[in-house]
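Report on the structure given below.
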Amino acid sequence: GIRITSNGEILVNENTARSYVDGAGNTQTPKLQVEADDNNSSAISLTWNSGGGSAGRRASFMFARTADGSAVSNNSVLGEVLFMGEGNSTLEKAASIRAEVDGTPGTNDMPGRLIFSTSADGSDSPTERVRITSGGVALFGGLTSQTSDTSKLAVQGGDSNIGIIQVHAGGG
């Protein structure tokens with residue numbers, strides 16, 4: 001069933017709102033929560049049933065952040081998807097995908113970056129592993145910027161075993 005709490009949370013298949021700690025360490029109690037005891041009842045679907053119209057049209061799930069009438073600023077987090085699992089009666093963070101402002105925004109200008117993070121064994125704190133900048137540069141190994149050249153791929157690490165493997169069509 002559906003329940004609306006006195007705090008305005010919409011709960012599907014649950015009676016009590018669940019809180020969790022987000023990637024910035026803030027406790028959140030989502031206003032929409034869908035839970036189930038089977039894997040057939042906890043999915044959320046967005047479907048656009050139209051074959052007509054513009055090819056660029058799509059079903060969308062959006063994260064949006066406003067700044068009360070002024071522009072968000074460089075490094076503002078625009079949204080985050082957290083992947084969590086129960087560790088021992090608590091939800092532990094395993095990985096995240098975060099979108100941030102990557103430069104100075106303005107009218108018709110919102111530079112963005114994506115950050116992919118995973119938690120190491122023995123941790124529940126995702127650490128940045130890959131960053132894709134507003135300029136299309138992919139940074140690996142904890143790099144947060146690229147200052148010395150213009151390549152589109154940069155890798156940092158104490159391990160000198162960095163390689164690229166090319167697989168040819170046809171098995172060779």
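The values are calculated or read from the model by the stated rules, or taken from the named source; none is laboratory data. Treat the numbers as computed from the prediction; the structure is a model and nothing was measured. Don't worry about glycine lacking a Cβ; one is built from the backbone with ideal geometry, like all the others, and counts go over all protein chains shown. Just so you know, the surface numbers come from the protein's heavy atoms only, side chains and all, with ligands and any DNA or RNA stripped out. Shrake-Rupley method; radii C 1.70, N 1.55, O 1.52, S 1.80 Å.
Among the strands (runs of 3 or more DSSP E) lying completely within segment 1-116, list those that include at least 3 residues that are on the phi < 0 side of the Ramachandran plot and without any contact (Cβ under 8 Å) to a residue 24 or more places away in the chain.
Of the strands (runs of 3 or more DSSP E) lying wholly inside segment 1-116, those with at least 3 residues that are on the phi < 0 side of the Ramachandran plot and without any contact (Cβ under 8 Å) to a residue 24 or more places away in the chain span 2-4, 77-86.
Can you give me the number of residues within segment 32-56 that are open to solvent by 60 Å² or more (accessible area, probe 1.4 Å) and either more than 22 Å from Arg98 (Cβ to Cβ) or out of contact with any strand residue (DSSP E or B) (no Cβ under 9 Å at 6 or more places or on another chain) (or both)? Full working, then the answer.
In the first step, residues of segment 32-56 are kept if they are open to solvent by 60 Å² or more (accessible area, probe 1.4 Å); the result is 32, 37-40, 43-49, 51, 53-55.
Narrowing further to those that are either more than 22 Å from Arg98 (Cβ to Cβ) or out of contact with any strand residue (DSSP E or B) (no Cβ under 9 Å at 6 or more places or on another chain) (or both): 37-40, 43, 45-49, 51, 53-55.
Summing the residues that are open to solvent by 60 Å² or more (accessible area, probe 1.4 Å) and either more than 22 Å from Arg98 (Cβ to Cβ) or out of contact with any strand residue (DSSP E or B) (no Cβ under 9 Å at 6 or more places or on another chain) (or both) in segment 32-56 gives 14.
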Item to check | Yes/no for Thr29 being modelled with pLDDT of 80 or more, open to solvent by less than 60 Å² (accessible area, probe 1.4 Å) and touching a Ser or Thr at 6+ places or on another chain (Cβ under 7 Å) | outcome: yes
Checklist entry - In segment 117-134, what residues are touching an Asp or Glu at 6+ places or on another chain (Cβ under 6 Å), part of a loop (DSSP other than H, G, I, E, B) and either under 17 Å from Ala24 (Cβ atoms) or aliphatic (A, V, I, L, M) (or both)? => result Asp124
Checklist entry - What are the residues in segment 57-72 that are farther than 14 Å from Glu100 by Cα, within 21 Å of the chain's Cα centre (by Cα) and of a type in the set (D, E, K, R), if any? => result Arg58
Item to check | Those residues of segment 76-98 which are within 9 Å of the chain's Cα centre (by Cα) and loosely packed, with under 13 Cβ neighbours inside 10 Å, in sequence order | outcome: Val81
